[in-house]
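Input: a single structure, listed below in structure tokens.
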Amino acid sequence: MRWQQGRRSRNIEDRRGGGRAAPRRKGGSGMGFMMTAALVVGGLIFGVNPMTLLNLAGGASGLTGGAGSLTGGSAGGVQYDASASQDDQAGQFVSSILGYTEDTWTKIFASYGAQYKAPKLVLFSKAVSSGCGTQSSAAGPFYCPGDSQIYIDTDFFRELQKMGAPGDFAMAYVIGHEVAHHIQNLEGISMKVQSLQRRVSKVESNRLSVLTELQADCYAGVWAHHTQKRTQFLEEGDLEEGLNAAAQIGDDTLLRKAGRTPHESMYTHGSAAQRQQWFTEGLRNGDVGRCNTFRDAGVSL
Ligand SMILES: [Zn+2]
């Protein structure tokens, strides 16, 4: 990727260095790493329904007993100053990619006569307190619809490599995916899915989660499509990195790695094939209208 060329976003808050590990909590709409962490730790396996979180996290005390003992990263971070942090590769990268999402989504929204309201992104280490409760890094990057913020512990990028998804475009896809959850929030999709999830079975709720996640993958593809057209920010091999990442974080891949037999009813983010398919759909066509995973599955929101 030629990400160095990109302008740096100013919508980044730096809270790194302030947190310490907190117990795993239910998260926002993450990429599915929460599940890996859970499997590895041997704790909850499919307790994560990203959208239900908001119902529970409204109160100040959080989700579980003992919330008082949780310490997130310092609540008030500082605005990230990219120009003063040249050596901070991870910060520079996130800042550049977020800048690309801002410029591209602003243009896409404008083409529909709408105005894009960009999300803030919080960089943290180990743990962070968010509008969706206190979250540990083990949960992976996530978007919290309640405060419209994306949360990323940049150590996660190393984790991604370990998971067999190396490359800068793999990381850009992660950011593009989280920004896509923000788009869904702006569109009112997150709210609709959430309200539907309250009324259905666990299996059906998981299915709605999968459709939400696949749509986010598709939107990430749409973003990459238009950003490429505008800036030629991709180099040879980048698309493969993105597609590989989509497969490595597919629910079936993660389950198999954890020694379990994948079954569709357990999925919350989609199989490797589905994630690749929808990411490709967005990449190829650059059309948000083609990302209606819900209609495709016969679900009306
Ligand atoms: Zn997601």
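Just so it is clear, none of the values below were taken in a lab; they were calculated from the coordinates. As the structure is a computational prediction, the values presented were derived from the model and not from experiment. Note that each Cβ is placed from the backbone with ideal geometry, even for glycine, and that neighbours are counted across all protein chains shown.
For the residues 246, 224, the requirement of being without any contact (Cβ under 8 Å) to a residue 60 or more places away in the chain, surrounded by 24 or more Cβ atoms within 10 Å (Cβ to Cβ) and among the hydrophobic types (A, V, I, L, M, F, W, C) singles out 224. Between 234, 214, 186, the distinction of being buried (at least 23 other Cβ atoms within 10 Å of the Cβ), in contact (Cβ under 8 Å) with a residue 12 or more places away in the chain and not small (Gly, Ala, Ser) belongs to 214 only. Here region 251-267 is the region considered, the condition is being surrounded by 14 or more Cβ atoms within 10 Å (Cβ to Cβ) and without any contact (Cβ under 8 Å) to a residue 40 or more places away in the chain, and the residue that is nearest to residue 163 (Cα to Cα) is 253. Looking at 114, 138, which one is over 26 Å from residue 1 (Cβ atoms) and assigned to a helix (DSSP H, G or I)? Selected residue: 138, the only one of 114, 138 that is over 26 Å from residue 1 (Cβ atoms) and assigned to a helix (DSSP H, G or I). Residues in region 115-133 that are of a type outside the set (A, V, I, L, M, F, W, C) and out of contact with any strand residue (DSSP E or B) (no Cβ under 6 Å at 6 or more places or on another chain) were compared, and the one that is surrounded by the fewest Cβ atoms within 10 Å (Cβ to Cβ) is 115.
Here is a yes/no grid of residues against (1) more than 14 Å from the chain's Cα centre (by Cα); (2) aliphatic (A, V, I, L, M):
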position: 136; (1), (2): yes, no
position: 150; (1), (2): no, yes
position: 161; (1), (2): yes, no
position: 169; (1), (2): yes, no
position: 173; (1), (2): no, no
position: 183; (1), (2): no, yes
position: 196; (1), (2): yes, yes
position: 204; (1), (2): yes, no
position: 213; (1), (2): no, no
